[in-house]
Amino acid sequence: MKITVLHSKDALDPPFDPLLDQLDAALAENGHTSRRLAADDAVEPMIAALRDFQPDLVFNLAESFRGKSSLESNVAALLNLLDLRYTGSSPAGLILAGDKTLTKKVLAFHGIQSAKFATMYRGQSDWVGDIDFPLLVKPPQEDASLGITQKSVVNDVKELLDVISSTQQEYQSPVLVEEFIDGREFYVGVIGNSKVEALPLIELDFSKFPVGLPKIASWEAKWGDDGDEKGAQFEGTQAIFPTNLSDELTEKIQRAAIDSFQALRLRDYARIDIRVTPEEEIYVIEANPNCYLERHSEFARAAQKGGLEYNALIARIAELASARYSR
Ligand SMILES: Nc1ncnc2c1ncn2[C@@H]1O[C@H](COP(=O)(O)OP(=O)(O)O)[C@@H](O)[C@H]1O
Ligand SMILES: [Mg+2]
């Protein structure tokens, strides 16, 4: 097939980010021809490039437009209008999963548990559940732990009001206040459409996390502090394959991930982030329909653990997408 690899303009920069090179190689090995295209600041050149190449499939990695992650679903919507076939979720799925508050509301309807919450905007509450401290405050439409730092975990009303106000200021959007789920954190890759499968679990191991800090995959834990030293939170988190987890609990977590994938109308692939308390209560934290697909990402590592090598994984996603259109 002729495949356009559509990516965000700013996100991916080869020596730092090998994803695009890896994708090209994987697609080539499977007999496809690929061409890269940045979902740029202007829509016309993007349309022109797509019309010129006439791809059989777009590998849609675009997670933002004009630097705004809230415009992610519009890129997929444009592909629909251009009558192009593309990998990953439709605008509906991207919207449901892209707004953490909406995600929680849909999951609740389907009986899938997520942390109790409240949503607020400029002093007005949209919904206030029966919530208890500690709480975690986050912008509902960001990713990559943007806006989530150690300060986001609050223990009293004063801290809560301070963080609500600074989060609102910075993101100019409502804030999501969730009960803090103290427990283990798992990332569950899900792949498929009519037959949906969960990949082996990856756990974010906090055992080396700085003592006394709430264990969260904060901005600092994901990307490191400013400066050369990556910092204690980054060094203290490691994605591992859990060994001390019963088959029964593993299956329950995978079931929750698959149910979430279907409830949120996701397609082809996604990664669901989940927390599990010591009492084995399962809470879905969020769904990532456009999760990172680099060879060492949680998703690709989990696929490999499940027997799907990297190049085969990329080809499989392309096949899953194409198959949807030929039904
Ligand atoms: N309700 C919660 N309880 C405990 N930790 C949470 C909760 N929500 C988020 N976190 C922590 O914050 C991290 C980032 O939150 P998440 O909602 O996944 O945002 P992002 O989209 O930026 O990844 C999670 O991986 C988890 O470690
Ligand atoms: Mg997350």
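The values are calculated or read from the model by the stated rules, or taken from the named source; none is laboratory data. Here the structure is a predicted model, which means the values were calculated and not measured. Virtual Cβ from ideal backbone geometry, glycine too; neighbours counted across all protein chains shown.
Residues being crowded, with 19+ Cβ neighbours inside 10 Å, more than 18 Å from residue 140 (Cβ to Cβ) and away from ligand 1 (no atom under 16 Å from the Cβ) are entirely absent from the range 281-292.
Among the residues making up the range 271-290, those that are in a loop (DSSP other than H, G, I, E, B) and either over 30 Å from residue 59 (Cα atoms) or within 11 Å of ligand 2 (Cβ to nearest atom) (or both) are 277, 278, 279, 280, 281. For the range 100-114, the criterion of being of a type in the set (A, V, I, L, M, F, W, C), in contact with a Lys or Arg (Cβ under 8 Å, 6 or more places away or on another chain) and within 14 Å of ligand 1 (Cβ to nearest atom) is satisfied by no residue at all.
Among the residues making up the range 247-299, those that are of a type in the set (S, T, N, Q) and in contact with a helix residue (DSSP H, G or I) (Cβ under 9 Å, 6 or more places away or on another chain) are 260, 288, 290, 297. Report whether or not residue 241 is within 16 Å of ligand 1 (Cβ to nearest atom) and either touching a Gly at 6+ places or on another chain (Cβ under 8 Å) or aromatic (Phe, Trp, Tyr) (or both). No: the conditions fail for residue 241.
With the condition kept exactly as written, say whether any residue in the range 259-279 is over 26 Å from residue 99 (Cβ atoms), within 16 Å of ligand 1 (Cβ to nearest atom) and out of contact with any Asp or Glu (no Cβ under 9 Å at 6 or more places or on another chain). Yes: the range 259-279 contains one or more residues that are over 26 Å from residue 99 (Cβ atoms), within 16 Å of ligand 1 (Cβ to nearest atom) and out of contact with any Asp or Glu (no Cβ under 9 Å at 6 or more places or on another chain). Can residue 250 be described as in the same structural domain as residue 322 (by TED's automatic domain parsing), crowded, with 16+ Cβ neighbours inside 10 Å, more than 28 Å from residue 17 (Cβ to Cβ) and away from ligand 1 (no atom under 15 Å from the Cβ)? It is true that residue 250 is in the same structural domain as residue 322 (by TED's automatic domain parsing), crowded, with 16+ Cβ neighbours inside 10 Å, more than 28 Å from residue 17 (Cβ to Cβ) and away from ligand 1 (no atom under 15 Å from the Cβ). Looking at 223, 219, just one residue is surrounded by fewer than 16 Cβ atoms within 10 Å (Cβ to Cβ) and touching a residue at least 40 places away in the same chain (Cβ under 8 Å), and that residue is 223. Within the range 34-49, residues that are under 16 Å from residue 80 (Cα atoms) have Cβ atoms under 6 Å from residues that are among the polar types (S, T, N, Q) in these pairs: 39/8, counting only partners at least 6 apart in sequence or on another chain.
Taking residue 52 as the residue in question, decide whether it is within 19 Å of residue 317 (Cα to Cα), surrounded by fewer than 17 Cβ atoms within 10 Å (Cβ to Cβ), acidic (Asp, Glu) and out of contact with any Cys (no Cβ under 7 Å at 6 or more places or on another chain). No; evaluated as a whole, the condition is false for this residue.
Residue 149 falls short on exactly one of the conditions (1) within 16 Å of ligand 1 (Cβ to nearest atom); (2) under 21 Å from the mean Cα position of the chain (by Cα); (3) farther than 21 Å from residue 68 by Cα, and that condition is (3). What about residue 293, is it part of a loop (DSSP other than H, G, I, E, B), among the hydrophobic types (A, V, I, L, M, F, W, C) and over 15 Å from the mean Cα position of the chain (by Cα)? No.
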